[in-house]
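Presented below is the structure to which this report refers.
The values are calculated or read from the model by the stated rules, or taken from the named source; none is laboratory data. Since the model is a prediction, treat every value here as computed from it, not as a measurement. Reconstructed Cβ throughout: ideal geometry from the backbone, glycine too, with neighbour counts over all protein chains shown.
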Amino acid sequence: MSSYEAEVLWRRGDARFTDGRYTRGHEWRFDGGAVVPASSSPHVVRAPWSVAENVDPEEAFVAALASCHMLFFLSFASRRGIVVDEYRDQALGYMEKNAEGRMAVTRVVLRPAVRYVGEPPSAETVAALHHESHEECFIANSVRTVVTVETP
């Protein structure tokens, strides 16, 4: 078993708080020393109470799914002797009502574009790599969100 820790830190500052006019800006701190400025999404809490340039939980969720998928893809490609030169994913998450009528990130579409060194693998091999990556991704295995992969 492995465990993972993240610290989330928010401070009120001089805001009144009870009137709802307080910043949603905060920090995510990770054990390796990385500090990520975070906030609620401006789609959820309007500015100036959200910080649009910070990462919001919904974006981080989409990025975590895309990152997990990519890391497995790179590992499986490497094991097969396929040299990946660049992997770029413009992942897209959809916030909408789920079957229970509650707002949720119900779908995430991964749209990886991969550049290879030398002759690229066949479309069948690429599809198999993505399928295997999706099946093994810890994050995808942890959520109810439908995750699909669209390749060019």
Taking the stretch 78-110 and keeping only residues that are under 16 Å from Glu132 (Cα atoms) and touching a helix residue (DSSP H, G or I) at 6+ places or on another chain (Cβ under 7 Å), one is left with Leu110
Filtering strands (runs of 3 or more DSSP E) wholly in the stretch 52-152 for at least 2 residues that are in contact with a Phe, Trp or Tyr (Cβ under 8 Å, 6 or more places away or on another chain) gives 84-89, 103-110, 112-116
By residue number, the members of the stretch 91-132 that are in contact with a strand residue (DSSP E or B) (Cβ under 8 Å, 6 or more places away or on another chain) and of a type in the set (S, T, N, Q) are Asn98, Thr106
Flagged pairs (Cβ under 6 angstrom, 6 or more apart or on separate chains; first in the stretch 8-24, free of Cβ contacts under 8 Å to residues at least 40 places away in the same chain and surrounded by 10 or more Cβ atoms within 10 Å (Cβ to Cβ); second outside any strand (DSSP E or B) and of a type in the set (A, V, I, L, M, F, W, C)) are Tyr22/Ala15; Arg24/Val45; Arg24/Trp49
Of (1) modelled with pLDDT of 95 or more; (2) assigned to a loop (DSSP other than H, G, I, E, B); (3) surrounded by 12 or more Cβ atoms within 10 Å (Cβ to Cβ), Val44 satisfies every one except (1)
